[in-house]
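The values are calculated or read from the model by the stated rules, or taken from the named source; none is laboratory data. Model, not experiment: these values are computed from the prediction. Glycine gets a Cβ as well: all are built from the backbone with ideal geometry, and neighbour counts include every protein chain shown.
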């Protein structure tokens, strides 16, 4: 595999790639990850630096604790009185500095310093010389109370450091989620044709959190732990350099199992993340397609699919948790060898028990920090995988985006022009398909008129809708609204001039009122109610106990098909756009509901440029112009009688709707595919 220093633009690093990375590549990708995340930390760099500073102070405070423990042990473990230090006489609680100045210190005595005119002095033991010769119960209590104070101070510094980093991390997470969600919504439909919605949910909700959490933890570990280790080593070096350097020899023995386990943890962690993504996709598909699941009685099948991912994820969690937990006992066992060797050394040097006890405390304080550093690679892996997924989507450029100088489309009469228009869809990999969806379309739709699109399946009818809404950009040619190229105006202003009533009505899990208001967010309650009345929806709405405050359910499941369609029409009426795209969906409705919806649509069509994909010949007969399409081209255009007399394809479509050949214009038009020998 070629050397990886950062993900390709718009791509993410796979978990397998991260697992196989060398240490150098891992560090390179970590720098890339931090570079991206630090852009989000920059506005909060003040609080971030406070966290860093407090983390350093927390690490340095280990030395203060060890010095404090030495004083406490010397006082409390003196068995009721303080022995003269290094045979230096103590008179009335004062040390004889002159005699101490000429006393040769023992090699293992802590903290010898050179003082002018006095020689070598041990500051701690010099301080102990001022302690009264008789140590009473009160002094012992006072001195011992310093232990919780020291531990509290270090813990409080660590808490403040972690709190500051957590505060910054939560701000980063908030902004990161907002940015990626906004960028995903800005993507064109071609993007959503390629990705799994479950993956997007997993990335926005979980991967952003994983990236932020592990980045903050990694920062804390890389700042606090090395400072703490170096501080403790500094203390031990000042106490006895030979003993300290000897204890360092134990560390390679500790790092060996950490390195071995880390490799296994990285693989298990990668598999866990992969299964988490698969599980999210499975849940989304099962819940979104719950009607299909139940219609086919596939509850058990979907449960088994979920269980496979769930079990695999649980197994991988156990693997890497087991590997992580084994590090502690292994490191502590190896560390005990150092303690045992140190005990032999202490016996050889005649070390006092309280001194040796202090050294053991210092050494045991090192190993937890070293164990945390052993988790660095795991934190890096999780951070890299999550960040590459997040920034891969975050830096994804939309296929359709506003031009830098795009202007707002203000007033619109509703004229639509397709000029030399050609467009080809792409496959899941982004490669254009061989056959064009529409080819060399030239068509002008005049304001205020009603146009019906008819033709067999795949003729390009829906593509004309999508290109007008600028879901896609044409390969050749232009789409114009009132003479304005849709590429030269903002997407938001363009779509604000278009209302859509689709055959697949989607309602949000909210109240009826808010679902109607979605057409124009600043509409008043009175305007919402008026739109509902014009859509013949007010009657069934007021039959509900909560009226307009009734919840429609997920996707509108609490409403019938006709009720959802009327809510959709009310939404379009409230939008009050000069252009209406109508994909009529009345074929599955009963006659009474169908008549109500047709009346609502007639109301909606008034004074607008209407383009309808016709599902009923009754709709076709009402059109000012009928546009006949086949194989991505306009075959003919005219009124019903004209086309029936001159257009063979129109005649064929008109006849094929009915089994007997008897024409009933109220029957729905079904999209059909002509046999090859029937193509015209």
Can you confirm whether residue 362 is modelled with pLDDT of 75 or more, buried (at least 17 other Cβ atoms within 10 Å of the Cβ) and over 33 Å from the mean Cα position of the chain (by Cα)?
yes
Here the qualifying pairs (Cβ atoms under 7 Å; residues six or more apart or on different chains; first in segment 341-353 and within 20 Å of residue 76 (Cα to Cα); second in a helix (DSSP H, G or I) and modelled with pLDDT under 75) come out as none
Restricting attention to segment 514-533, the residues that are free of Cβ contacts under 8 Å to residues at least 40 places away in the same chain, closer than 22 Å to residue 562 by Cα and surrounded by fewer than 18 Cβ atoms within 10 Å (Cβ to Cβ) number exactly 3
So, residue 488, is that one out of contact with any helix residue (DSSP H, G or I) (no Cβ under 7 Å at 6 or more places or on another chain) and free of Cβ contacts under 8 Å to residues at least 12 places away in the same chain or not? no
Residues of segment 165-177 being surrounded by fewer than 23 Cβ atoms within 10 Å (Cβ to Cβ) and within 19 Å of residue 221 (Cβ to Cβ), in sequence order, are 166, 167, 170, 173
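Do you know which residues across segment 620-630 are closer than 18 Å to residue 465 by Cα and at pLDDT below 90?
Initially, segment 620-630 is screened for residues closer than 18 Å to residue 465 by Cα, giving 620, 623, 625-630.
Selection gives 620, 623.
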Surrounded by fewer than 22 Cβ atoms within 10 Å (Cβ to Cβ) and closer than 30 Å to residue 607 by Cβ - does that describe any residue in segment 422-436? no
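In segment 178-200, which residue that is in a helix (DSSP H, G or I) and free of Cβ contacts under 8 Å to residues at least 12 places away in the same chain is surrounded by the fewest Cβ atoms within 10 Å (Cβ to Cβ)?
Our first condition is that a residue be in a helix (DSSP H, G or I); within segment 178-200, this holds for 178-185, 189-194, 197-200.
Cutting the leftovers down to free of Cβ contacts under 8 Å to residues at least 12 places away in the same chain gives us 178, 182, 185, 192.
Working: 178: 12, 182: 10, 185: 8, 192: 13.
Residue satisfying both the conditions and the ranking: 185.
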Are any of the residues in segment 145-163 buried (at least 19 other Cβ atoms within 10 Å of the Cβ) and within 20 Å of the chain's Cα centre (by Cα)? no
* Confirm whether residue 308 is under 22 Å from residue 201 (Cβ atoms), at pLDDT below 75 and either touching a strand residue (DSSP E or B) at 6+ places or on another chain (Cβ under 8 Å) or in a helix (DSSP H, G or I) (or both). => no
